[in-house]
Every structure is written in C-alpha cells, then in structure tokens.
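Taking it in order: structure first as structure tokens, then the write-up.
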Amino acid sequence: MPKILVLYYSTYGHIEAMANAIADGARAAGAQVDIKRVPETVPDAVAQAAHFKTDQAAPVASIDDLPNYDAIIIGAPTRFGRLPGQLAAFLDGAGGLWARGALNGKVGAAFTSSATQHGGNETTLFSIITNLLHFGMTIVGLPYSHQGQMRIDEVVGGAPYGATTVAGGDGSRQPSETDLAGARHQGEQVAKVAAKLFG
C-alpha cells in the first residue's frame with residue numbers, strides 16, 4: 001500500500017476542497033493518504049483582514065515529513081501565473097532533501113486554481129512540477145481518461161498536467177463536480193503508479 005502526502009496551500013478554500021478530492025481518489029485506489037498544508041507566511045491580522053480561510057483542518061507540514069512518503073501531490077493557487085510565495089518558501093527549505101537525494105524516484109503531481117479560465121493554471125502547474133523534477137520525482141498528470149476536462153458546455157478546470165479549478169474573480173465559484181472528479185481521478189492515477197513502483 002503506497003503512502004501518499006497531499007500537500008497544499010489554500011487561501012480561500014478552493015485548493016483545500018481539491019486536496020480532499022485528490023485524497024479521496026488516492027484512498028479509493030488503496031493508498032494510505034495524509035493531507036497537510038504548508039505554513040502561512042502572511043501575518044494573522046493581514047490574513048483576517050483579507051478574509052483568508054483560516055479554519056482548515058489539515059495539520060501544518062514540515063520539510064522533514066516529505067521523505068516519509070512514496071508520492072507527494074502538491075497544490076496551490078496561481079499567483080501571477082506561478083506558485084504563491086507560501087509554497088515557494090516551503091519548498092525553498094527543502095535544499096537538504098535535494099542535496100542528499102531524499103526524494104529521488106518518488107512520485108509527484110500538481111494541482112491548482114485560478115480566478116479565470118486563462119489566469120495561469122497551466123503555468124502554475126509547471127511551476128510546481130519544475131520543483132518536483134529538481135527533486136528527482138516521477139511526474140503523474142491528469143490523463144484524458146478524465147473526459148470531463150474536455151467539456152465545453154460549462155466552465156471546467158483540468159489539464160493533462162494536473163487537476164485545476166476556476167474560482168472566479170471574487171472567489172465565489174467553488175470547484176464543480178467535474179473539477180472534483182478530475183482531482184479524484186488524478187489522486188487515483190498517482191496511487192496506481194506509486195503502487196507499481198513501491199508495491
């Protein structure tokens with residue numbers, strides 16, 4: 001049974017919802033899954049004034065947690081087409097893991113959210129994936145076996161590089177069932193690949 005970490009940063013709860021769906025998909029495929037979040041770097045007063053979702057159930061991760069997993073699925077909202085500072089700061093602390101090859105050969109995947117359909121989802125996925133490749137990880141995307149990403153009758157997320165959602169300019173749009181199905185499918189795919197590699 002592979003051991004999977006779903007690691008995320010979520011400002012307003014959209015990525016938190018996607019993280020839970022990814023975990024559901026991985027568990028359905030037989031994996032043991034933990035959900036953790038990266039530390040918030042914004043002062044509490046600023047976060048509260050900006051209405052950040054501060055009541056998230058997932059415990060805060062530490063860099064030392066990462067080598068304990070066969071696969072790590074990382075999610076964060078797009079920030080100007082790349083990963084947000086909170087996630088970047090966390091991953092920047094993994095230099096020691098990189099230096100000793102602690103994540104080499106593990107499975108990695110990415111998911112994200114943007115305000116608009118063209119707000120940087122794919123470039124943010126690549127920003128996350130670039131980090132994972134530097135750590136020596138094997139990448140799993142969101143294959144077109146998730147047919148929902150091809151719909152044109154409604155706004156949907158999804159890309160072959162990872163699960164995505166569109167939050168709307170004011171954050172009012174929550175992940176749709178199609179978006180969540182994509183997240184579950186990606187979690188399932190990561191669990192299957194990890195099971196083949198790590199039994």
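Every number in this text was worked out from the coordinates using simple rules, so none of it is lab data. The structure displayed is predicted, hence computed values, not measured ones. Glycine also receives a Cβ, built like all others from the backbone with ideal geometry; neighbour counts cover every protein chain displayed.
Percent of Cα pairs in the chain per distance bin of 5 Å, from zero to the largest separation: 1, 9, 17, 22, 22, 15, 9, 4, 1, 0. The sum of -39500 (n - 2.57) across all DSSP H runs of n ≥ 4, divided by the residue count of the chain, sets its helix-only mean residue ellipticity at 222 nm to -11000 deg cm²/dmol. Under 18 Å between alpha carbons, and skipping anything fewer than 8 positions from LYS53 in its own chain: which aspartates and glutamates qualify? Those aspartates and glutamates meeting the cut-off are GLU16, GLU40, ASP44, ASP170.
Net charge in the neighbourhood of GLY25 (other residues with Cβ under 15 Å of its Cβ; Lys, Arg +1, Asp, Glu -1) is -2.
Rounded if a/c is under 1.5, else prolate if a/b is larger than b/c, else oblate: which is the stretch 1-57, with a ≥ b ≥ c the root eigenvalues of its Cα gyration tensor? Since a/c reaches 1.5 and a/b is larger than b/c, the shape of the stretch 1-57 is classed as prolate. Where does the longest stretch of the chain lie that holds no chymotrypsin sites (Phe, Trp or Tyr not before Pro) found in a DSSP loop with 15 or fewer other Cβ atoms within 10 Å? That would be 1-79. Here the Karplus relation 6.51 cos²θ - 1.76 cosθ + 1.60, evaluated at θ = phi - 60°, turns the backbone of the stretch 38-51 into coupling constants of 7, x, 6, 9, 7, x, 3, 5, 5, 4, 5, 5, 8, 6 Hz, with x for every Gly and Pro.
Please give the net charge around THR54, taking every other residue with its beta carbon less than 9 angstrom from that of THR54, where Lys and Arg add +1 and Asp and Glu add -1.
Residues close to THR54 contribute a combined charge of -2.
Counting only lysines at least 8 places from LYS196 when in the same chain, those with an alpha carbon closer than 20 Å to its own are LYS3, LYS106. If R0 is 22 Å, the Cβ-Cβ spacing of THR116 and ASP55 corresponds to a FRET efficiency of close to 0.25. In the stretch 3-198, taking the dipole from charged Cβ atoms about the Cα centre, the farthest positive-side position among TYR144, GLY81, THR41 is held by TYR144.
Summarising the label geometry, the points placed 7 Å from Cα in the beta-carbon direction at ARG100 and GLN48 lie 4.0 nm from one another. The GluC sites (Glu not before Pro) of the stretch 120-199 meeting both criteria, a DSSP state outside H, G, I, E and B (loop) and at most 11 other C-beta atoms within 10 angstrom of the site's C-beta, are GLU154. Distances between placed amide hydrogens fall under 5 Å for PHE111 paired with ILE74, GLY75, ALA76, all partners being 5 or more residues away or on another chain. Computed extension length for VAL155-PHE80: 24.9 nm, one decimal, from 0.36 nm per residue of separation with the Cα-Cα distance subtracted.
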